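The values are calculated or read from the model by the stated rules, or taken from the named source; none is laboratory data. Just so it is clear, the structure is predicted and the values come from calculations on it, not from any experiment. Every residue, glycine as well, gets a Cβ built from its backbone with ideal geometry; the counts of neighbours run over all protein chains shown.
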There are 2 protein chains.
Amino acid sequence: MASVDVPVALLGYGTVGAAVNRLLTESADDIERATGHRLRLVKALVRDIDKERDYPPAGDVLTTDFREIADDPSIAVVAEVMGGLEPAGTHVLELLRGGKHVVSANKQLIARSGAKLFEAATSTGVQLRFEASVCAAIPVIKVLRESLVVTNVHRVLGIVNGTTNFVLTEMEGGKTYAQALAEAQERGYAEADPTDDVSGADAAAKMAILATVAFKSRFDLADVDYTGITEIDPADVNAARQLDMVIRLVGVAQHLDGHVDVRVHPALVDKQHPLAKVDGAFNAVMLQGDAIREITLEGPGAGGIETASAVIADITTVIGTMRTGFLQNDAAWRVLPKLPPGDNRSPFYFRMSVEDRPGALAQVADELARREISIARLLQHQNGDGAELHVVTHQARQGALEDALVALGELSSVHRRSRPLPVVSDRGVSELGWA
Amino acid sequence: MASVDVPVALLGYGTVGAAVNRLLTESADDIERATGHRLRLVKALVRDIDKERDYPPAGDVLTTDFREIADDPSIAVVAEVMGGLEPAGTHVLELLRGGKHVVSANKQLIARSGAKLFEAATSTGVQLRFEASVCAAIPVIKVLRESLVVTNVHRVLGIVNGTTNFVLTEMEGGKTYAQALAEAQERGYAEADPTDDVSGADAAAKMAILATVAFKSRFDLADVDYTGITEIDPADVNAARQLDMVIRLVGVAQHLDGHVDVRVHPALVDKQHPLAKVDGAFNAVMLQGDAIREITLEGPGAGGIETASAVIADITTVIGTMRTGFLQNDAAWRVLPKLPPGDNRSPFYFRMSVEDRPGALAQVADELARREISIARLLQHQNGDGAELHVVTHQARQGALEDALVALGELSSVHRRSRPLPVVSDRGVSELGWA
């Protein structure tokens, strides 16, 4: 196939945009070998042309006028690397409606506006790809869509936020949450305003996208039940250690009995579980499915050049497959019902302070048993004039557990109780946490 | 794009072939959504039509006549799942020369005859894909070729043989090599004749293929320096444990200063290293490159349905991208020189029995120092009337270390010495073993 120059445009020219241009330029030969085409950055939309930039583009590439991209029929592919919901969302929508392929690194946009964007892409027959929106260079979207095309993936477990993984890892070394967060900020793993990361919102957006692709049914950010790590304290970390576990912010998406459930929560993870072994600011996603058992992808989940690498992979796939019928449809072709709140099942951990007198433990066990919750592990310590109980349950309905904890809180013998945390322990489909 | 039926043929209908047919049939809708086409198995070449088979195909699909596939112009794609070098090699070559796309799960064929096969594919403009030839359902070939297209991957580290990983893991529990191998055979992780696995030949073929794709330069099986695990004994396993390491059969392919080196050897792997954590019969491949730092893929490296899943992924990619310029060239477009024997660098471990007298250790240290080999860790134990030394070196030229060991063997104070084993310790490009 004869090589044809393909003009490419960027929305945004920050760290990721500059890295995209650098990789496009330095790897032009590699891209040509992969696609048969030479890619050339012709326009990049910015707010301020005169700002100092890494790897500044040549000549008149920078522009503040979106029309120079939208109205240029020679531009077939645009990569959105500006971030934020607006004006990125409006721009991407217009480009798709105008018949341009779009590659986006914007997880909040895809997680909130995916339905609308894919509808536009479908209507004009163009591609919208978004590998870089989830875990940077880890190619989990491509693997789900192209390698596991006939694998019924029924569960996705992930450590998909490096900031929180780093903070929780540091807390194991004895730091408080505040100290660990400060360390993350110092090392550049956390923003000055870390809210998106520590609240779980960032991880929730990624899990919504992963669930959409894995289960082929749309999940918006609003469909994800998420809790962050801001209330994790050293007592939780110590309790986990006593149980040979660690605390991690775990994303779980599962398709079970025709229902789906997507959540992000701090969880106790068995030290032998692969997710417990994910280092510092790295990410890992574990895909469980019928034909593959379990495939885990691990790597850096953030970074300018890493994100740019994923953007370029998407651009080359678009260039290589446009005008074919290959994977250009919306991944979400069906609508699966959500699991009703409370029907989520998992082993859970909680602890409580009880009076140290005969019968106190029996009352606790009784409240659990009458809701069909059985105890898998129990640790008891003397604590002042009472006893502290650490309880790990077998699989339990979350709703039943919450009812039991309310009932336990009303017992005179129970002084304090923690909120429950899910437990991720054994591998293997049937025994996994959140089964 | 209108859906068109695509006739597909198989060479072989054993465990993998039957699983391919089952997945093609049960997942026909998924495949149509991904590619716009319905795939239909029309012929499968077997030796004996009357043999009892899992998931037997319909009607007259089975044939003993290769010509019914090769000469049928309606068949565009053939999956070779028969294994063995012949007649698979001759058949695949003829199909490619005849203008049919081929997907192969045959690592020995690709590792030995890749150059000839790709030349044929290039001459007729068809695709040859081989994801299933390396680590079954772990999509490392697709990730290397399509996701890391602009990443200069300079090192591939892998646990790519599940049999040996299981055997070595079992030996940590106190079993001898023979006991562990028997256990692997009992569980179906090792063949009755385990030679291919335990000799390292299976891992070497996979590393040759991975190196070819990663470095875009042809590596045949003959280019891989490999050693198996048959000589690993409990003393090695115990020594590793004392150093907080485990013994694993590690494949390493690296591109360094314009030279490349591919090898498979038992190595001491630090317990904190991701490769030490790969469970039992699982496989893992770690890709290190400029733009991605390090991405690790882990999963089952064998199995009928897992292999079939990868075969189908390749078939759908072929169907989805044929008649485009996307990744249909031979991955190996350049020729990189091999690293001269002895120039390989790594930290190494060895142990030796020395006389327990003043000056013995000094002699050992002196022989190493004069060849610029420095000691990173040293353990000394009393052993009968002598001393046993465990030595871990810093990065050293393998040739220099071997010279030093020969010189040490000639010292009257040295009674016995082990062969050296490479050490895989810290992560990160600069500190990694075999740097």
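Looking only at segment B:291-330, count every residue that is under 25 Å from A:ASP30 (Cα atoms), under 23 Å from the mean Cα position of the chain (by Cα), more than 7 Å from every other protein chain (Cβ to nearest Cβ) and surrounded by fewer than 22 Cβ atoms within 10 Å (Cβ to Cβ) and tell me the total.
Residues that pass the stated criteria total 1.
Taking into account only those residues within segment A:31-81 that are small (Gly, Ala, Ser) and in a strand (DSSP E or B), which is farthest from B:ALA331 (Cα to Cα)?
This residue is A:ALA44.
Kindly indicate which of A:VAL285, A:VAL262 is β-branched (Val, Ile, Thr), in the same structural domain as A:VAL198 (by TED's automatic domain parsing) and closer than 30 Å to B:LEU275 by Cβ. Even if it seems obvious, please write down each step before you answer.
Numbers: A:VAL262 fails: closer than 30 Å to B:LEU275 by Cβ.
Just a single option satisfies the conditions, and that option is A:VAL285.
Answer yes or no as to whether B:ALA362 is more than 30 Å from B:LEU11 (Cα to Cα), buried (at least 22 other Cβ atoms within 10 Å of the Cβ) and more than 24 Å from the chain's Cα centre (by Cα).
no
Answer with yes or no whether B:LEU45 is within 11 Å of another protein chain (Cβ to nearest Cβ) and over 23 Å from A:VAL126 (Cα atoms). Before the answer, list the steps.
Numbers: within 11 Å of another protein chain (Cβ to nearest Cβ): no; over 23 Å from A:VAL126 (Cα atoms): yes.
So B:LEU45 fails the test.
Would you point out the residue of segment A:263-290, among those that are in a strand (DSSP E or B) and among the small types (Gly, Ala, Ser), that is surrounded by the most Cβ atoms within 10 Å (Cβ to Cβ)?
A:ALA267
Which count do you get for residues in segment B:122-142 that are at the interface with chain A (Cβ under 7 Å from one of its Cβ atoms), in a helix (DSSP H, G or I) and buried (at least 24 other Cβ atoms within 10 Å of the Cβ)?
Number satisfying all stated conditions: 0.
Out of segment A:275-290, which residues are in contact with an Asp or Glu (Cβ under 7 Å, 6 or more places away or on another chain) and either within 17 Å of A:SER425 (Cβ to Cβ) or at the interface with chain B (Cβ under 8 Å from one of its Cβ atoms) (or both)?
Selection gives A:ALA276, A:VAL278, A:ALA284, A:MET286, A:GLN288.
Scanning segment A:143-183 for residues that are within 30 Å of B:ARG38 (Cα to Cα) and among the hydrophobic types (A, V, I, L, M, F, W, C), which turns out farthest from the other protein chains (Cβ to nearest Cβ)?
Pass one, segment A:143-183, residues within 30 Å of B:ARG38 (Cα to Cα): A:143-156.
Pick out the ones that are also among the hydrophobic types (A, V, I, L, M, F, W, C) and you get A:143-144, A:148-150, A:153, A:156.
Values: A:VAL143: 5, A:LEU144: 10, A:LEU148: 7, A:VAL149: 5, A:VAL150: 4, A:VAL153: 11, A:VAL156: 14 Å.
The extreme case among them is A:VAL156.
Given the conditions (1) facing chain B (nearest Cβ under 8 Å); (2) more than 27 Å from A:ALA79 (Cα to Cα); (3) in contact with a strand residue (DSSP E or B) (Cβ under 8 Å, 6 or more places away or on another chain); (4) not acidic (Asp, Glu), report the number of the one that A:GLY342 does not fulfil.
Against the list (1) facing chain B (nearest Cβ under 8 Å); (2) more than 27 Å from A:ALA79 (Cα to Cα); (3) in contact with a strand residue (DSSP E or B) (Cβ under 8 Å, 6 or more places away or on another chain); (4) not acidic (Asp, Glu), A:GLY342 comes up short only on (1).
So, in segment B:68-126, exactly how many residues are more than 23 Å from the chain's Cα centre (by Cα) and of a type in the set (A, V, I, L, M)?
Residues meeting the conditions: 12.
Quick check: is even one residue across segment A:344-355 within 30 Å of A:ALA136 (Cα to Cα), surrounded by 15 or more Cβ atoms within 10 Å (Cβ to Cβ) and of a type outside the set (A, V, I, L, M, F, W, C)?
Yes, some residue in segment A:344-355 is within 30 Å of A:ALA136 (Cα to Cα), surrounded by 15 or more Cβ atoms within 10 Å (Cβ to Cβ) and of a type outside the set (A, V, I, L, M, F, W, C).
Which is outside any helix (DSSP H, G or I), more than 22 Å from B:LEU148 (Cβ to Cβ) and of a type outside the set (A, V, I, L, M), of A:GLU119, A:GLU86?
Result: A:GLU86 is the single residue among A:GLU119, A:GLU86 that is outside any helix (DSSP H, G or I), more than 22 Å from B:LEU148 (Cβ to Cβ) and of a type outside the set (A, V, I, L, M).
Given the structure, is A:LEU339 in contact with a helix residue (DSSP H, G or I) (Cβ under 9 Å, 6 or more places away or on another chain) and either among the hydrophobic types (A, V, I, L, M, F, W, C) or at pLDDT below 90 (or both)?
When the stated conditions are applied, A:LEU339 does not pass them.
Among the candidates A:THR164, A:THR151, which residue alone is over 29 Å from B:ILE315 (Cα atoms) and either crowded, with 24+ Cβ neighbours inside 10 Å or assigned by TED's automatic domain parsing to the domain that holds A:ASP261 (or both)? Outline the logic, then answer.
On the way: A:THR151 fails: over 29 Å from B:ILE315 (Cα atoms).
Unique residue meeting the criteria: A:THR164.
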